[in-house]
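Trainee: Provided herewith is a single structure, encoded as structure tokens, for subsequent inquiry.
Only the coordinates and a few stated rules stand behind these numbers; no lab work does. Only a predicted model underlies this, so the values are computations on that prediction, with no experimental measurement involved. FYI the Cβ positions are ideal-geometry reconstructions off the backbone, even for glycines, and counts take in every protein chain you see.
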Amino acid sequence: MALLSACSSPMVAPAPVVSAAPPRPGAPVTTATLATPGAARNWDELRLQAARRLVAANPEGTYVGTVPDMLLAIPVLEIELNRDGSIRRIEVMRKPTQALDTIEIAMDAVRRAAPFGDVSRLPKPWKFTETFLFNDVRKFKPRTLDN
């Protein structure tokens, strides 16, 4: 009987390997290993690199392909960076009218994807916005990748 109970115990996921502020307690854990981000030449390049890092750092929480006609929620975040691409501040620019938990999901995803690369050569302020397109199972696609 002891053997059966040992088999039914939950497996513990390893800690994330991503450099960023830790996600809030209870947030999904990822084991994605991200390449060191390159220095972006302009803000469009940085936004695209950041969107790709969001997907890479959050494989279980994202989707690719066509965005559904009906979305669960569309939070918009403004991410302010330090010169090295680490996060200085995250501000909610648009709260969805429903599924308010998607705000925290999006913020945790940003933290897991950081740092975003050296921005010291880009014009200040060192900030960008990202729109998160959440489907009905609370997976998101960065709007930047939907263009």
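Trainee: What does the extension gain come out to for R83 and W43, with contour length at 0.36 nm per residue minus their alpha carbon separation? Walk me through the intermediate numbers first.
Mentor: Working: separation 40, 0.36 × 40 = 14.40 nm, distance 1.34 nm.
The R83-W43 span can extend by a further 13.1 nm.
Trainee: Here's another thing I want to ask about it. Could you pull out every one of the lysines with an alpha carbon less than 18 Å from that of K139, ignoring same-chain neighbours closer than 8 positions?
Mentor: Those lysines meeting the cut-off are K95.
Trainee: Excluding A57 itself, what net charge comes from residues whose Cβ is under 15 Å from its Cβ, given Lys and Arg +1 and Asp and Glu -1? If you can, show how the numbers build up before the last one.
Mentor: Details: positive: R52, R53, R111, R112, K139, K141; negative: E60, D108, E130.
Cβ neighbours under 15 Å give a net charge of +3.
Trainee: Okay, moving on. What does the charge count around E80 come to, taking other residues whose C-beta lies under 11 Å from its C-beta (Lys +1, Arg +1, Asp -1, Glu -1)?
Mentor: Every neighbour counted, the sum reads +2.
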